[in-house]
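Input: a single structure, listed below in structure tokens.
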């Protein structure tokens with residue numbers, strides 16, 4: 001297995017566990033009326049945490065977190081993070097360094113000024 005493929009495989013395993021645990025923790029929280037789902041696509045390397053439910057007469061559907069794994073570099077692209085979680089710090093416990101993350105929601109020119117990957 002080449003270096004990029006082994007990086008992708010490792011990141012897939014970590015993200016499956018991470019997103020699943022986040023959904024379970026939020027579903028088990030006291031006073032929670034929402035449902036949290038881990039949406040996992042290992043073929044396309046897309047991982048999402050979504051919140052679904054009702055608030056009075058209003059239907060709620062919100063993507064809380066969207067992560068992708070690049071097939072070219074194996075880096076984790078943070079496409080969306082609507083949570084208080086600092087994903088790179090959370091995933092450091094799985095030995096994933098900051099240089100394996102891309103802040104996909106920042107302009108490419110802004111990424112150069114961060115501690116993260118640019119692509």
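The values are calculated or read from the model by the stated rules, or taken from the named source; none is laboratory data. Quick caveat: nothing in here was measured; it's all calculated off a predicted structure. FYI the Cβ positions are ideal-geometry reconstructions off the backbone, even for glycines, and counts take in every protein chain you see.
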- [ ] Select from segment 40-56 the residues that are at negative phi and at pLDDT below 95 and write down the one among them that is surrounded by the most Cβ atoms within 10 Å (Cβ to Cβ).
- [x] 54
- [ ] Scan (1) over 24 Å from residue 5 (Cα atoms); (2) out of contact with any helix residue (DSSP H, G or I) (no Cβ under 9 Å at 6 or more places or on another chain); (3) at pLDDT below 90 for the single condition residue 32 breaks and write down its number.
- [x] (2)
